[in-house]
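> Here it is, the structure in full.
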Amino acid sequence: KSVFVGYDALEEKAIVLKYGKIKAKGKEQYQIVLNKTPFYAESGGQVGDVGLLTFPSLRANGEAICLNITDTKKENDLIVHFVDEIPGDLNGEVIASVNHETRRKTTIHHSATHLLQAALQQVLGKHIAQKGSLNNSEYLRFDFSHFAKMTNEEIEKVENLVNEKIRRNIPVVIKEMSKDDAMKLGAMALFGEKYGDVVRVVIMDEKYSIELCGGTHVGSTGELGLF
């Protein structure tokens, strides 16, 4: 198994467990698996991290060789890093560094999705549930079912409600607990997601938003700035 350490660290020393070449859409790429990694693998609507893999013991023109990680995905229990090329030898220690700014922007959009879902439920009704989403560094997309097109007035109400929660700068509390305890707390589970016995619960005001979520989040809602 790969161990994910990216909730607390964006850089980590690791070793390469295995690697291999793949071909997809006529393009050759390489997959690298580390024993531990700060890179978030795509899931729950949040895209995979990008960044650098540095090999201090491998040198080219006197400098350590760096590989660009273009995507991170999960396959079974492995976190798989995608790169376009590899040096001949991947032995020794590597430094895995997540692109801070891309992660920060993606994290902001993921946290905004939680505030958005709660606002939609207040304005449109409790039947609103996530049917799909995308959180990347550019924007968020949130899919849901409703029996009518939202009016401009409803959109404005949702916007105002989310911005009010941002201005209040609510601390984002993250706890791990049993799935049963999370459900008793009133946590929202994602449609179609599989959860283990111990779940991660993201709370943005216990009276407003409590969701099961494995994604990365801001420390407090004020970091979102404006929705």
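> Suppose all protein chains stay in the model; what accessible area per residue would a 1.4 Å probe give for the chain, in Å²?
Per residue, the chain has an accessible area of 55 Å².
> Less than 13 Å Cβ to Cβ from LEU90, Lys/Arg counted +1 and Asp/Glu -1: what total charge do the surrounding residues give?
-1
> Only Lys, Arg, Asp and Glu count, each charged at its Cβ (+1, +1, -1, -1), so figure out the dipole size of the chain about its Cα centre, rounded to 20 debye.
Taking the Cα centre of the chain as origin, the dipole is about 340 debye.
> Among ALA182, ALA148, ALA119, whose mean-square fluctuation peaks in a Gaussian network model of the chain (Cα, cutoff 10 Å)?
ALA148
> How are the C-alpha pair distances of region 76-130 spread across 5 Å bins, as whole percents from the shortest bin up?
Spelled out per bin, shortest first, that is 4, 12, 13, 14, 14, 12, 10, 8, 6, 4, 3, 1.
> Mean shadow of region 132-185, computed from the convex hull of its alpha carbons, in nm²?
Across all orientations, region 132-185 yields a mean hull projection of 6.3 nm².
> From the residues ALA119, PHE82, THR106, which one has its Cα farthest along the dipole of region 52-133 in the positive direction, the dipole being from +1 and -1 charges on Cβ of Lys/Arg and Asp/Glu about the Cα centre?
Of the listed residues, the answer is ALA119.
> Using a Gaussian network model of the chain with C-alpha springs under 10 Å, which one of SER209, SER133, SER57 is most mobile by mean-square fluctuation?
SER57
> At a 1.4 Å probe radius, which order do THR151, THR221 fall into by accessible area, largest first?
THR151, THR221
> Return one number: the angle in degrees, 0 to 90 and rounded to the nearest 10, between the long axis of the Cα atoms of helix 152-167 and the longest principal axis of the Cα atoms of the chain.
Approximately 60 degrees, to the nearest 10.
> Ratio of Rg to Rh for region 67-191, alpha carbon only, Kirkwood?
Computed over Cα atoms, the ratio is 1.07.
> Turning to a different aspect of this structure: For the chain, which span is the longest to avoid every loop-located (per DSSP) member of trypsin sites (Lys or Arg not before Pro) having at most 14 other Cβ atoms inside 10 Å?
26-125
> While we're on this one: Across region 126-223, what fraction of all alpha-carbon pairs, as a whole percent, falls in each successive 5 Å bin from zero upward?
Bins of 5 Å from zero give 2, 10, 18, 23, 24, 15, 6, 2, 0 percent of pairs.
> Around LEU10, with a cut-off of 12 angstrom between Cβ atoms, what is the net charge of the other residues, counting Lys and Arg +1 and Asp and Glu -1?
Overall, the nearby charge balance is -3.
> Continuing with this model, one more query. Inverting the mean 1/r over all pairs of different Cα atoms, compute the Kirkwood radius of region 1-88 and quote it in Å.
13.5
> Can you give the log10 of the normalised intensity I(q)/I(0) at q = 0.13, 0.19, 0.25 Å⁻¹, computed with Debye over equal Cα scatterers of region 18-59?
-0.41, -0.84, -1.14
> Could you give me the percent of Cα pairs per 5 Å distance bin for region 9-142, shortest bin first, beginning at zero and ending with the bin that holds the maximum distance?
2, 10, 18, 19, 16, 13, 9, 6, 4, 3, 1, 1, 0
> To continue, here is another question. Based only on Cα atoms, what mean projected area does the convex hull of the chain have, in nm²?
If you wrap the Cα atoms of the chain in a convex hull and average its projections, you get 14.4 nm².
> Ignoring ligands, DNA and RNA, please state the percent of accessible area on the chain from carbon and sulfur, probe 1.4 Å.
48
> Output the 0 to 90 degree angle, nearest 10, between the alpha-carbon long axis of helix 100-124 and the longest principal axis computed from the alpha carbons of the chain.
Orientation of helix 100-124: about 20 degrees from the principal axis.
The values are calculated or read from the model by the stated rules, or taken from the named source; none is laboratory data. From a predicted model like this one, the values you see are computed outputs, not experimental measurements. Cβ coordinates were reconstructed from backbone atoms using ideal geometry, including for glycine residues, and neighbour counts include every protein chain displayed. These area figures cover heavy atoms from the full protein model, side chains too; ligands, DNA and RNA do not enter into them. Shrake-Rupley method; radii C 1.70, N 1.55, O 1.52, S 1.80 Å.
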